[in-house]
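Before any comments, here is the structure.
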Amino acid sequence: MAQLKSPVALRERGRQVRANLIRWMGGLPGEKTPLRVQRTGVIDHEDYRVEKIVFESQPRYFVTANLYIPKTGAGPFPAVVQPTGHSVTAKARELYQSLSIGLVKYGFVVLTYDPLGQGERRIFFDSDLRDSKVGGTTVEHQLVGVQSLLGGESLARQMVWDGIRAIDLISELPQVDAARIGVAGCSGGGTLTAYLAAIDDRVKVAAPACYITSWEEQLKKAGPQDAEQQFPDQLRDGFNHADFLIAAAPKPYLICSTTEDFFPLSGAQQTFDEAKEHYNRFGAEDRISWFTAPGGHGMRADTRSAIYAWMRKWLQQKPGPAPEPRFRVELEEDLNVTATGQVSTSLGGETASTQNMRRFAAIQPHAADLPAAVRRLTRYQPPSGPPLVESGTPPTEDTLRVEHLTFQPHPGRRVPAALYVPSAPLHEPVIVVDASGRSAASAKEIAQAGHIVLALDAAGLGATADPRQSYSAEWFPQDKSIWLALMVGHTITGLRMADITAALDLLAARQLLSGGATLFARGNPGVAALHIAVLEPRLQKLVLEDLPPAYRTLATTPIHKQIFDVVVPDVLRHYDLPALAAAISPRAVVLGRSVPTDSTASSAPNVRTVRRRELTSIPEAYFRP
């Protein structure tokens, strides 16, 4: 970045950032369809009014919004779009109402709307619960975000498009000067502000609050956040928060931070310092500023005042302080646009989930070269040499010798393992990758039946699990490390594939692998097992118990728990799990089920399904003819 010395070079970098953002999102919907604006009510005040509106950012895809219009002064007025942060009440929350009211009292038309999954746009709303079936807004975002990844998209695709269409709407209002539009938002609204300012040239001024930081600092603390806030490969490709500002430069840009935010202040300092150098090269050093307030995550009155002053300076040519006016916010329910307070029960239409399911159901996977597609999509990187083995404990001297060790599939990435060696091995060696980790009872049970067993804590399992908790651990355990893997150009599936390859190398180095091995995987690791079997001929047989549903099933049904670690971005267009099972024929694949459930069964002759009774042992069920 320091080599970008001229405005020409900076503008080229900005074009690259915009192109990458749109590519990471999976592209934007190509057609701007009619907005079909409906006005469902109005709240009148002496100096402004609030119109309750709903518009369609896509056909039958309803966006609920409040439009604040000044009743004094001469128009056309400058305008501000406010996307809101993660909140159940979204546009009606006091925090976000306050910014809208303050701006309208200073002579701005303001459009604030409910992002998908929030306010009147809950995705999985249940009429009986009067709430979402799945919980908070962050869980809704992650559910649809994981679904989107399977189709090569990001949740940001739909969220940014709503913001672009909101700008379309406000630009067409007779009360608005379309050449003077700003965007301001806090938290998740700050994220959308950064995206819109980078992507849409109609945004002339930006003021994101409690979002801009740097990834160096963010990863040390809270780590990756909601599904729309990071993308696969972005860190691998060198993208950082300062790039948002370079893509927007030299438009006026105010970063708002708080001292105790989980978007670290130190990162905001880094980004501001870097971006200021680039603005200076445009001769626009007065167009970038940084405001800091004490306290935690949020947008206090002093932060709002800084935003009022910034918008007045650049959109009204009125520099100077702008203290927050006196006002009273509305009751939240009084700002509802729909009769029931939810789009799903008042208007029906599409949600982000139903839209994905409909579009993804039409995708027909096709990979002319399946092994090449597996390598590319999983980001698989085989071990570069013999695994570096660090023995942990000496082998126990018994009829079943057990050695606890650690090996490195890649330099610095350690995989704990347990090696079981019977005194007189009777059968082929077995690599065990159990969702419960290397200490699972399955490993010892198989070894006692006469197999050499190497049980792994593969990536994200057992001792390699990330101890950090997410907002939605019940639904998405390990989501921070899964996101981080994607951001740096890996997948958890690809890392587990490398762990299995290294395990085969370890067995071979100890002369324990003569005619190949069987791979036993229970739960989600079975997906990595299917993938690596396509590339690794030393795996002579797969035994996969409780394998997750096929990718197509995950993409075309709305709600799934604990499947994020099996997601491979854009996989739907290339292959599915049954195709992997068929591709390794004539090697056998045994699919075991402890309970009847949706199956990833294949019609290939090398695949058979076993319904394992509760008391039947693993060797009896799967390892005997």
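The values are calculated or read from the model by the stated rules, or taken from the named source; none is laboratory data. Everything numeric here is computed off the predicted structure, so don't read it as measured data. Cβ: placed from backbone, ideal geometry, glycine included. Neighbour counts: every protein chain shown. When the accessible area is computed, the model is the full protein with side chains, heavy atoms only, and any ligands, DNA or RNA have been set aside. Shrake-Rupley method; radii C 1.70, N 1.55, O 1.52, S 1.80 Å.
What is the sum of charges, Lys and Arg at +1 and Asp and Glu at -1, for the other residues whose Cβ falls under 15 Å from the Cβ of A179? Show your work: numbers first, answer last.
Values: positive: R180, R202, K204, K251; negative: D168, E172, D177, D200, D201.
Around A179, the surrounding residues sum to -1.
May I ask you to derive the FRET efficiency for R413 and T553 from their Cβ-Cβ distance with R0 = 45 Å, giving the value to the nearest 0.05? Please list the in-between numbers first.
Details: r = 31 Å, r/R0 = 0.69.
Once rounded, the FRET efficiency stands at 0.90.
Using only the Cα atoms, what convex hull volume per residue in Å³ does segment 21-90 have?
On the way: hull volume 10.9 nm³, N = 70.
Output value, Cα hull per residue: 155 Å³.
Among 311-324, 194-207, what's the highest-first ranking by average C-beta atoms within 10 angstrom per residue?
Details: 311-324: 16.6, 194-207: 22.2.
Ranked by mean Cβ neighbours within 10 Å, highest first: 194-207, 311-324.
At 0.36 nm per residue, minus the direct Cα-Cα distance, what do Q562 and D126 gain on full extension? Give it in nm, one decimal, please.
On the way: separation 436, 0.36 × 436 = 156.96 nm, distance 2.14 nm.
Full extension of this stretch gives 154.8 nm more.
Under the 0.36 nm per residue contour assumption, what length would be gained going from the current alpha-carbon distance of V42 and S439 to full extension? Display every interim value, and only then the final one.
Working: separation 397, 0.36 × 397 = 142.92 nm, distance 6.28 nm.
Between V42 and S439, full extension yields an extra 136.6 nm.
Multiply the residue separation of T72 and T609 by 0.36 nm, subtract the distance between their alpha-carbon atoms, and state the gained length in nm to one decimal.
Numbers: separation 537, 0.36 × 537 = 193.32 nm, distance 7.32 nm.
Full extension of this stretch gives 186.0 nm more.
If R0 is 22 Å, what FRET efficiency do you get for L512 and S391 from their C-beta distance, rounded to 0.05?
Details: r = 15 Å, r/R0 = 0.69.
It comes to 0.90.
K220: which aspartates and glutamates have alpha carbons under 15 Å from its alpha carbon, excluding same-chain residues fewer than 8 sequence positions away?
List returned: E260, D261, D466.
Which angle from 0 to 90°, rounded to the nearest 10, does the C-alpha axis of helix 301-315 make with the longest principal axis of the chain?
Once rounded, one gets 70 degrees.
In this model, which of K91/K251; K251/K318; K480/K561; K133/K221; K221/K276; K71/K105 are farther than 21 Å apart at the alpha-carbon? Before the final figure, lay out each step's value.
Values: K91/K251 26 Å; K251/K318 17 Å; K480/K561 16 Å; K133/K221 30 Å; K221/K276 25 Å; K71/K105 9 Å.
Distance filter (> 21 Å) returns K91/K251; K133/K221; K221/K276.
With the contact rule set at Cα under 8 Å and sequence spacing of 6 or more, what percent relative contact order holds for the chain? Mind showing how you got there, number by number?
On the way: 1354 pairs, mean separation 76.3, N = 625.
Answer for the chain is 12 percent.
For segment 71-184, what's the relative contact order in percent, using C-alpha pairs closer than 8 Å and at least 6 residues apart?
Values: 148 pairs, mean separation 42.6, N = 114.
Here the relative contact order equals 37 percent.
Specify the angular offset, from 0 to 90 degrees and rounded to the nearest 10, of the alpha carbon long axis of helix 525-535 from the longest principal axis of the alpha carbons in the chain.
70 degrees
Roughly what % of DSSP beta bridges within the chain run antiparallel, to the nearest 5? Could the numbers behind the result be given before it?
Details: 39 of 85 bridges.
If we restrict to bridges inside the chain, about 45 percent are antiparallel.
So what's the net charge close to I288: Lys and Arg +1, Asp and Glu -1, counting the other residues with Cβ under 11 Å from its Cβ? Don't skip to the answer; put the middle values down first.
On the way: positive: K251, K276, R287; negative: D273, E274, E277, E285, D286.
Every neighbour counted, the sum reads -2.
Need one number: the % of Cα-Cα pairs in segment 183-301 sitting beyond the 22 Å mark.
Numbers: 1823 of 7021 pairs.
So the portion of pairs separated by more than 22 Å is 26 percent.
Label points 7 Å out from Cα along the Cβ direction at E260 and R60: separation in nm?
Calculated label separation equals 4.8 nm.
Would you mind telling me the antiparallel percentage of the DSSP bridges in segment 56-166, rounded to 5? Walk me through the numbers before you get to the answer.
Values: 8 of 13 bridges.
Percentage antiparallel, nearest 5: 60.
On the protein heavy atoms, probe 1.4 angstrom, tell me the percent of accessible surface of the chain carried by carbon and sulfur.
Working: 12070 of 23320 Å².
Accessible surface attributable to carbon and sulfur in the chain totals 52 percent.
Can you give me the Cα centroid spacing of segment 81-98 and segment 386-404 in angstrom?
Cα centres, segment 81-98 to segment 386-404: 57 Å.
What's the angle, to the nearest 10 degrees (0 to 90), between helix 352-361's Cα axis and the longest principal axis of the chain?
It is inclined by approximately 50 degrees.
Hey, can you grab everything whose amide H is under 5 Å from the amide H of F125? Only 5+ residues off in sequence or another chain; H modelled, so Pro and N-termini drop out.
So F125 has HN proximity to K133.
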